[in-house]
Amino acid sequence: MMLKIVGPRQNGFCDRIDRRSFLQIGSLALGGATLSLPQLLRAEQTAATNGQQPTRHKSVINIFLSGGPPHQDLVDLKPDAPTEIRGEFLPIETNVPGIQICELLPKLAGMTDKLAIIRSLVGSDGRHAAFQCQTGRRFANQIAGGWPSLGSNVSRLQGSVDPAVPPFVGLAPKMITSTWADPGQPGFLGPSHSPFLPNAEGKKDMVLNGVDNERFGTRKSLLKNFDLLRRDVDSSGMLRGMDKFTEQAFGILTSSKLAEAIDLEREDPKLRDRYGRGSDKPAGYGDAGPLLNDYFLLARRLVEAGVRVVTLAYGRWDWHGMPYGTNFSNAREHFPMLDIGLSALIEDLDRRGLLETTTVLVWGEFGRTPKINPVGGRDHWPEVACAILAGGGLRTGQVIGSTNRYAEHAKERPVTFLEVFATLYQSLGIDVSATTISDLSGRPQYVTDGVLPIRELV
């Protein structure tokens, strides 16, 4: 038996959880162990109680370039390679002596001192999916319930900064290729640690529909009493995992904070222009995300409002060639938009004092073939890929790793996906060498299996 708030039927949430199910009490949340408050949250609360300025929470913005960007055209150009390898673009100098990137990225070239560029990312699954860029793990190596994403683990370990703001938000739009639209799954942690997805449909559900706060509070009290009764009867403890999910639902629906954070009309139009705005139309073939630069600005607003992890999917980077344009014609559209949006995000975070506590990561599921195919495209290349990081207190202004002369393989300092994730966890204040989360069997699982952060960055 389940107890629900009775109300008019509405459209479902963007994550396919309808309003009534979202507020129902008694659903089982897999892996629902009691949350222990981490040291960071305790410090924040203690500071607030003592009238001090609370410590700024740390965040991650994970930008997924769906389809796999061409590493040798983006940040690892090979101008001395044969024509069929080097492609059509030239490298340009950056503001860090000795580091060059693509000529279509002039704004990022002017702030490379704020970037860490990885040219030797290895270990890709080779799958057209965001899974590995959300978890750091190979898809085939699943355990019961599935591996949780970074955002879900952070939700479990650190919880919400503010009851009205979820700790984990996903901005991936709906796509025909659904594996690209994956914002990060909760895996064995269960739905209470799923990302909140505030797309257009989600916004419609962030209202009370005629139920005032007093009446809503009465319903909440009634539900809480019934729920406590169920928990007294339940000896297994499986219902406890629903507490956070229910409280988050009430917190979001009774506060305007999240709704205000996702309202870009509150921003100065000049700042929106600086971000590049972009389009909500699918980029490229139409089966992936748009080049919607408003997502970058929205990510900053969400972090500012208290979100710990924001994921977003940007563009369509799977450029095999005609009839949908060559690798280079697509790059001439995507690269400048990425240059505008990403540089604006880093600049904006820095200006607001948020860059030191916000780690920005940009990458895709794999690299592209060194040799250009007969129709002007580059195909899938899991052997090596690239990534760009900024902020988070990392040591930036450097390149990590290198590839051979044709950008085929990692030549120096190969970096794995889990090393990147270990770096993200550390930037959030989570000790990967000591932190574990219990899986469905109760067995503690290290968040990165003992893999340590990238030593050059921390």
Vicinal HN-Hα couplings computed from phi for the stretch 346-361 (Karplus, 6.51 cos²θ - 1.76 cosθ + 1.60; Hz; Gly/Pro x): 5, 4, 5, 4, 5, 4, 8, x, 9, 5, 5, 10, 10, 9, 9, 10
For the stretch 342-399 versus the stretch 146-202, the gap between their alpha-carbon centres in whole angstrom: 21
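How big is the charge dipole of the stretch 349-389 about its Cα centre, in debye rounded to the nearest 20, if each Lys and Arg gets +1 on its Cβ and each Asp and Glu gets -1 on its Cβ?
Values: 5 positive and 5 negative charges, 33 e Å.
Taking the Cα centre of the stretch 349-389 as origin, the dipole is about 160 debye.
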Local electrostatic count, S433, Cβ distance below 14 Å [Lys/Arg +1, Asp/Glu -1]: -2
Interchain or long-range residues, amide H under 5 Å from A313's placed H: F64, L171, A172
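Once the convex hull of the alpha carbons of the stretch 303-405 is built, what does its volume come to per residue, in cubic angstrom? Let's see the in-between values first.
Working: hull volume 12.5 nm³, N = 103.
Hull volume over Cα atoms, normalised by residue count, gives 122 Å³.
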Relative exposure of I63, I143, I430, judged by other C-beta atoms within 10 Å (fewest first): I143, I430, I63
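Sum up the charges of everything whose Cβ sits under 15 Å from the Cβ of E419, counting Lys and Arg as +1 and Asp and Glu as -1, but leave E419 out. Walk me through the intermediate numbers first.
Numbers: positive: R119, R137, R138, R395, R413, R455; negative: E412, D449, E456.
With Lys, Arg at +1 and Asp, Glu at -1, the net is +3.
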Spacing of the two label points (7 Å from each Cα toward its C-beta) at A259 and I92, in nm: 4.4
Residues listed by number, the stretch 152-171, amide nitrogen under 18 Å from Q142 label point at 7 Å toward C-beta: 152-153
Cβ-based exposure ranking for S255, S427, S160, S155, in which fewest neighbours within 10 Å come first: S255, S160, S427, S155
For the stretch 163-176, 3J(HN,Hα) per residue [Karplus equation, 6.51 cos²θ - 1.76 cosθ + 1.60, θ = phi - 60°, Hz, x = Gly/Pro]: x, 8, 10, x, x, 9, 10, x, 10, 5, x, 5, 9, 5
Gain upon complete extension [A81, E412; 0.36 nm per residue less C-alpha separation]: 117.3 nm
Flagged links, alpha-carbon separation over 22 Å, of K257/K281; K58/K257; K114/K371; K58/K174; K174/K281: K257/K281; K114/K371; K58/K174
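Count the net charge of all other residues whose Cβ sits under 13 Å from the Cβ of I346, scoring Lys and Arg as +1 and Asp and Glu as -1.
Numbers: positive: K107, K114, R274, R300, R351, R352; negative: D113, D339, E347, D348, D350, E356.
Summing Lys and Arg as +1 and Asp and Glu as -1 gives 0.
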Vicinal HN-Hα couplings computed from phi for the stretch 265-280 (Karplus, 6.51 cos²θ - 1.76 cosθ + 1.60; Hz; Gly/Pro x): 5, 7, 8, 4, x, 5, 5, 4, 5, 4, 6, x, 6, x, 10, 8
Residues whose placed amide H lies under 5 Å from that of Q445, excluding near-sequence neighbours: I437, S438, D439
Charge dipole of the stretch 294-452 about the Cα centre (unit charges at C-beta), most positive-ward option of P374, G321, I437: P374
Estimated distance in nm for a label pair at D379 and S329, the labels positioned 7 Å out from Cα along Cα-to-Cβ: 2.1
Cut-off under 5 Å, modelled amide H: who pairs with V60 long-range: V309, V310, T359
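Just so you know, all these numbers are worked out from the coordinates, no wet-lab data involved. Everything quoted here is computed from the prediction, not taken from an experiment. Glycine also receives a Cβ, built like all others from the backbone with ideal geometry; neighbour counts cover every protein chain displayed.
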